[in-house]
Amino acid sequence: MIKLKRWLPSPPLSLALFVVWLLLNQSLDAATLLLAAILAIAVPILTQSLRPATVRMRRPGLALRLAGVVALDLVHSALTVARLLLTRRGSGMSPRFVRVSLQLRDPNALAVLAMILCLTPGTAWGEISLDRSTLLIHAFDVEDEATFVATIKARYERPLMEIFES
């Protein structure tokens, strides 16, 4: 078992790489399968030190619920940004950088928060302070900064803390 862990440090990543390589090449010939297997073994081994920490998900049910919330937020945000672009002029929008103080410290949870904010139309992860206590987010249109911060903390930070840190 120890040797298997050495050769496949992240089986889900290996499987994903194998499948993606086959899909990208749209072929099942021997050379493609061999290269997919080599990549599936080599890439996780070579990138093992780049991964911040082993993921310990404490509440998978909450993770699924968070995924649903994020999916709904992505659709809602895309429609909102499209409506704003089509109906308002530049002077009618309030783009700004917003600082959010964070309680979240787990590197995996912070990575998930970064993905959520970067995928959501109208928001972008700007930077995080060196001590990981403050996040700078650029938002396309913010009318009430306090409400925006409260929304980020309630919809994303709290669930991520329960999933990764509890």
Quiz item: Got at least one residue in the range 116-127 being within 18 Å of GLU162 (Cβ to Cβ) and either out of contact with any Ser or Thr (no Cβ under 7 Å at 6 or more places or on another chain) or surrounded by fewer than 14 Cβ atoms within 10 Å (Cβ to Cβ) (or both)?
Solution: yes
Quiz item: Does the range 80-87 contain at least one residue that is in the same structural domain as LEU130 (by TED's automatic domain parsing) and in contact with a strand residue (DSSP E or B) (Cβ under 9 Å, 6 or more places away or on another chain)?
Solution: no
Exercise. Taking the residues in the range 141-162 that are more than 18 Å from LEU72 (Cβ to Cβ) and touching a residue at least 12 places away in the same chain (Cβ under 8 Å) as candidates, determine which candidate is surrounded by the fewest Cβ atoms within 10 Å (Cβ to Cβ).
Key: GLU143
Quiz item: Say we look at the range 60-106 and pick out the residues that are surrounded by 14 or more Cβ atoms within 10 Å (Cβ to Cβ) and polar (S, T, N, Q); which of these is farthest from HIS138 (Cα to Cα)?
Solution: THR80
Quiz item: So, of the residues in the range 128-140 that are β-branched (Val, Ile, Thr) and out of contact with any Phe, Trp or Tyr (no Cβ under 7 Å at 6 or more places or on another chain), which turns out to be surrounded by the most Cβ atoms within 10 Å (Cβ to Cβ)?
Solution: ILE128
Practice problem: Hey, can you tell me all the residues within the range 1-39 that are aromatic (Phe, Trp, Tyr) and closer than 17 Å to ARG51 by Cα? | Solution: TRP7
Quiz item: Quick one: which strands (runs of 3 or more DSSP E) sit completely within the range 64-166 and have at least 2 residues that are among the β-branched types (Val, Ile, Thr) and closer than 27 Å to ARG51 by Cα?
Solution: 123-128, 134-139
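Results for (1) basic (Lys, Arg); (2) touching a Ser or Thr at 6+ places or on another chain (Cβ under 7 Å), shown as yes or no for each residue.
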{"position": "ALA71", "(1), (2)": "no, no"}
{"position": "LEU84", "(1), (2)": "no, no"}
{"position": "THR87", "(1), (2)": "no, no"}
{"position": "SER94", "(1), (2)": "no, no"}
{"position": "VAL98", "(1), (2)": "no, no"}
{"position": "ALA139", "(1), (2)": "no, yes"}
{"position": "ARG158", "(1), (2)": "yes, no"}
{"position": "ILE163", "(1), (2)": "no, no"}
{"position": "SER166", "(1), (2)": "no, no"}
Quiz item: Of the residues in the range 25-44, how many are under 24 Å from LEU4 (Cβ atoms), without any contact (Cβ under 8 Å) to a residue 12 or more places away in the chain and within 28 Å of the chain's Cα centre (by Cα)?
Solution: 2
Quiz item: How many of the residues in the range 89-107 are farther than 14 Å from ILE128 by Cβ and touching a residue at least 12 places away in the same chain (Cβ under 8 Å)?
Solution: 4
Quiz item: Of all residues in the range 1-59, how many are in a loop (DSSP other than H, G, I, E, B), of a type in the set (Ser, Thr, Tyr) and either modelled with pLDDT of 90 or more or surrounded by 11 or more Cβ atoms within 10 Å (Cβ to Cβ) (or both)?
Solution: 3
Quiz prompt | The lone exception for TRP125 - which of (1) in contact (Cβ under 8 Å) with a residue 24 or more places away in the chain; (2) touching a helix residue (DSSP H, G or I) at 6+ places or on another chain (Cβ under 7 Å); (3) not small (Gly, Ala, Ser) it fails | solution = (1)
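The values are calculated or read from the model by the stated rules, or taken from the named source; none is laboratory data. Just so you know, these numbers come straight off a predicted model, no measurement behind them. So basically every Cβ, Gly included, is an ideal-geometry build from the backbone, and we count neighbours across all protein chains shown.
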